[in-house]
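The values are calculated or read from the model by the stated rules, or taken from the named source; none is laboratory data. Remember, it's a predicted structure, so these values are computed and weren't measured experimentally. Here Cβ is always computed from backbone atoms with ideal geometry, including for glycine, and neighbour counts include all displayed protein chains.
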Amino acid sequence: MRGQAYTLEGVLAAIVVVTATVYGLSAVDTGPFQTGTQQRIAALETRASDTLSLAAETGALHNATACYSVGTPTLNGNQTGSSTEFEMMLNRTFDRQGNQYNLYLSYWNSDSSARQTALVSQETGENVADRPADAAVATETVTLTDDMPARIGDCSGTGPPLSAVDGYFAPDAEPDSVVYNVVEVRLVVW
Amino acid sequence: MVASERGQLLLIGGIAVAIVVFSTILFAHSLAVTDGITTTGSADTIERSADREASVERDLGVLAARTRGDDLDGFEERYENALRNYTRTHNRVVASSGGTYLNATLNESASLGTEVNQTTASRFNRPGGTGSNVHWDIARSVDRVVVFNLTVTRIPGVGREFIVKVEGDSGDTWKMVVTEPGNKEVAVTPPSGPTTTCSGSGDADVDLLAGTCDIGGTPGTFPSFTETLDAPYTVRIEKGNRARGTYRFAAIGNFPGTSYDSGDTAPYPVVPAVDTTYDTPSASYNRTVRVGVDDG
C-alpha cells in the first residue's frame, strides 16, 4: 500500500516536473543573454542594416553615392528638411529618434592614401571624432561604372557621366574597364 | 509512517521538485546564453552573409547591364573583364574595413540563353532540322528576349512578302510584313491597334525588340511585340525564301530540333551565371548565382 502510494507520488512529481519545465521554458526568454547596451546596439544594427538595404534596393543609396554638386555637398547631414531621398530615410530612421550617425564612403584610390570621405549627422565633437564604442555598424557596397550619370540637385537629377566629372570624391579606379569604382557605404549609428 | 513523517517527506519532496524545476529552467537557459552553443553568432554570420550576397548580386547585375549595352558581340569577354576589375576593386575597398575576399567568374555552362544568327545576307530559310524550309519557328516558349535584330537587304519580285510572326501567351499575334513594291516597306500589326509602316529605299534595319526601323536612313518606330504580348512567345518566320538578309536572335526559350541542327545554335548568357566565392573571417563558401540583368 505504502509502496503504491510512493509510486503514485513519484509519477505525480514527474508530471509536475515535466509540466513545470515546459511551462517554464515557454515563459522565459531563451534568447541569448544581452545587456541593455547590447540590446540597444543590436536593435540599432538591425535598423541601420535595414535602412541601407532598403536604400540600396530602391536606388536611393546609389543616387546618394553618385551625388555631386559643386561647392556645397548635397548630402550634408541635414537633420531636417533634406530633399535627398537617402538623407530623408536617415532623418526619419535616426535623427527623429534622437540617434546620431556618421556615414563613411570608402573607395579605392591608388594615387592617394585618402580613400574615405565622411558625412556626419551633426557637427559635434563627438560625431567628428571616432565613433563611440557602443555604436552599431552596417555596410553596403555600391558599384559605379564609367557611364553612370552623376546625380545632381536632390540627387535624383542626372548630370554628366561620373568619368567626366571633375571633383567627384572618388577617382576612376579602373581606367581601362567599365568599372569606375566600388564604394563601401558604412553607416555608424549610436 | 506517522503523519509528521509524511508531512516532512512531502516537504522535502516538494523542495526537491522545486530544485529540479529551477535547475532545468536555468540549465536550458544557460544553453542559450552560452555563446558556444547558442546560435547568436551563426545567426549574425548568416544575416551578414545574406546582406553581402544581395549587395554583390546587385553589383553583378549592374555590371552585366552596363557591359552588355546594345552590343551582343564579345559580351562574355567584356563581362569577364568587368568581373575581374570589380572583384579587384571590391576586395581593395572592403578588405580595409571588414576583410571579405570575393571572387567572381562567369560560368558560361550554367548561364541561361541561346543565340541564333545569320551573319551573311541570304534567304531567311530554316538553318537546319526538318520540315518546311520557309515557314519555321525561330524559337518557342520564349520567356525573355534580349536581342532580335533583322536586316532585309532584298526582296526579289514585286508583291512578294516576308513575314515575322510572334504569338503570345494568350494566342494573340503580332505580325511584321516586309515588302518591296519599289521602296521597302515594313508594316507592323500588333494584336490590337492600327498597322504602323516604315518605308524607304535601301536596306531595312529592324530592331524588333526596341520597336525601331531604319530604311536607308529613314527612321521609324512601331509597337514591339514585348509591349503588346505577354510571354511566353512563339517566334516564327513565314515565307523566309522570299527575302534576303541577316538576323540575330538571343533569348531564353526552346530552339526546336525541327529548325536547327547541332551547331546552328550557340549558348549566350541572357541570364549570366556567376561563380562567386566569399571568404570572410567567419564564413567561407561558394555560390553560383544567376544574375538578373538590371537594364536600368
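Here are a few things to note about the model shown:
- Here region B:265-281 is the region considered, the condition is being part of a loop (DSSP other than H, G, I, E, B) and either within 14 Å of chain A (Cβ to nearest Cβ) or surrounded by fewer than 12 Cβ atoms within 10 Å (Cβ to Cβ) (or both), and the residue that is farthest from the chain's Cα centre (by Cα) is B:Pro281.
- Scanning region B:35-56 for residues that are modelled with pLDDT of 85 or more and surrounded by 17 or more Cβ atoms within 10 Å (Cβ to Cβ) gives B:Ser55, B:Val56.
- Test: residue in region B:94-103 that is of a type in the set (Phe, Trp, Tyr) and crowded, with 19+ Cβ neighbours inside 10 Å: no
- Any hit, region B:211-218, residues being β-branched (Val, Ile, Thr), more than 20 Å from the chain's Cα centre (by Cα), within 19 Å of B:Gly182 (Cα to Cα) and surrounded by fewer than 18 Cβ atoms within 10 Å (Cβ to Cβ): yes
- Qualifying residue in region B:124-131 (condition: of a type outside the set (Phe, Trp, Tyr), out of contact with any Phe, Trp or Tyr (no Cβ under 9 Å at 6 or more places or on another chain) and either assigned to a helix (DSSP H, G or I) or surrounded by fewer than 19 Cβ atoms within 10 Å (Cβ to Cβ) (or both)): yes
- Test for A:Thr21: is it outside the structural domain of A:Gln100 (by TED's automatic domain parsing), surrounded by 15 or more Cβ atoms within 10 Å (Cβ to Cβ) and among the hydroxyl-bearing types (Ser, Thr, Tyr): yes
- Only residues that are assigned to a loop (DSSP other than H, G, I, E, B) and closer than 25 Å to B:Arg52 by Cβ were counted in region A:172-190, giving 6.
- Criterion violated by B:Gly74 - all others in (1) within 26 Å of B:Thr265 (Cα to Cα); (2) within 12 Å of chain A (Cβ to nearest Cβ); (3) free of Cβ contacts under 8 Å to residues at least 24 places away in the same chain satisfied: (2)
- Neighbours by Cβ (under 7 Å, 6+ apart or cross-chain): first from region A:91-110, more than 14 Å from every other protein chain (Cβ to nearest Cβ); second at pLDDT below 85 and in a helix (DSSP H, G or I): A:Gln100/A:Asn127
- Among (1) more than 7 Å from chain B (Cβ to nearest Cβ); (2) surrounded by 11 or more Cβ atoms within 10 Å (Cβ to Cβ), the one test that A:Ile15 misses: (2)
- Among the residues of region A:140-169, those that are more than 7 Å from chain B (Cβ to nearest Cβ), closer than 17 Å to B:His90 by Cα and crowded, with 22+ Cβ neighbours inside 10 Å comprise A:Val142, A:Leu144.
- From the options B:Val94, B:Val158, residue that is modelled with pLDDT under 90, more than 22 Å from B:Asp261 (Cα to Cα) and assigned to a helix (DSSP H, G or I): B:Val94
- Set side by side, the residues B:Ser262, B:Ser284 differ, and just one is within 24 Å of B:Ser132 (Cβ to Cβ) and surrounded by fewer than 14 Cβ atoms within 10 Å (Cβ to Cβ), which is B:Ser262.
- B:Leu60 meets the conditions (1) part of a strand (DSSP E or B); (2) surrounded by 22 or more Cβ atoms within 10 Å (Cβ to Cβ) in every case but one. The failed one is (1).
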